[in-house]
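Taking it in order: structure first as structure tokens, then the write-up.
The values are calculated or read from the model by the stated rules, or taken from the named source; none is laboratory data. Nothing here was measured: the structure is a model prediction, and the numbers come from that model. Don't worry about glycine lacking a Cβ; one is built from the backbone with ideal geometry, like all the others, and counts go over all protein chains shown.
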Amino acid sequence: VVARVAYVISIVQSVAQEAKNSWWTTILTHPLLLGVAPHYSDESILPFLQMAQAETVQVGCSVQLCEPPNTTSYYSVACYYDIPHVEARVPLYTVGEPCNQCRQGFKCDDATKLCILK
């Protein structure tokens, strides 16, 4: 039973990682500029926008195996983000030096140059 549980966890982690990577590669195929404020028409890239939003601190995702009758099974990934949510015409982040605006309770990650929870 332990081996099967570990295998299922491995698959779920792989599916979640693939979803995250897919959302991040959105920026490579969408004409989004640095510091830009999203537009109402950007709904299709909302997962990327939410992850890239400077104020997003926490994310929780669930992975569900869907096995509809008479068709191929697939995994569905749904993620929920802490507030604030992305808003049209509100910039995702302020362009500037890395980590120069880390809030209280955060520190600069030397590798990514992003503010992370302490």
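Quick notes on this structure:
- Candidate set from the stretch 83-113 (those that are assigned to a loop (DSSP other than H, G, I, E, B) and of a type in the set (Lys, Arg)); member that is nearest to Thr56 (Cα to Cα): Arg103
- Scope the stretch 78-118; condition in contact (Cβ under 8 Å) with a residue 60 or more places away in the chain and either in contact with an Asp or Glu (Cβ under 6 Å, 6 or more places away or on another chain) or farther than 23 Å from Ile27 by Cα (or both); matching residues: Leu117
- Residue match in the stretch 68-77 (condition: more than 21 Å from Val12 (Cα to Cα), in a loop (DSSP other than H, G, I, E, B) and in contact (Cβ under 8 Å) with a residue 24 or more places away in the chain): no
- Criterion: at pLDDT 75 or above, of a type in the set (Val, Ile, Thr), farther than 13 Å from Cys79 by Cβ and part of a helix (DSSP H, G or I) - qualifying residue of Ile45, Ile27: Ile45
- The residues of the stretch 67-87 that are more than 18 Å from the chain's Cα centre (by Cα) and either surrounded by 10 or more Cβ atoms within 10 Å (Cβ to Cβ) or among the hydrophobic types (A, V, I, L, M, F, W, C) (or both) amount to a single one, Tyr74.
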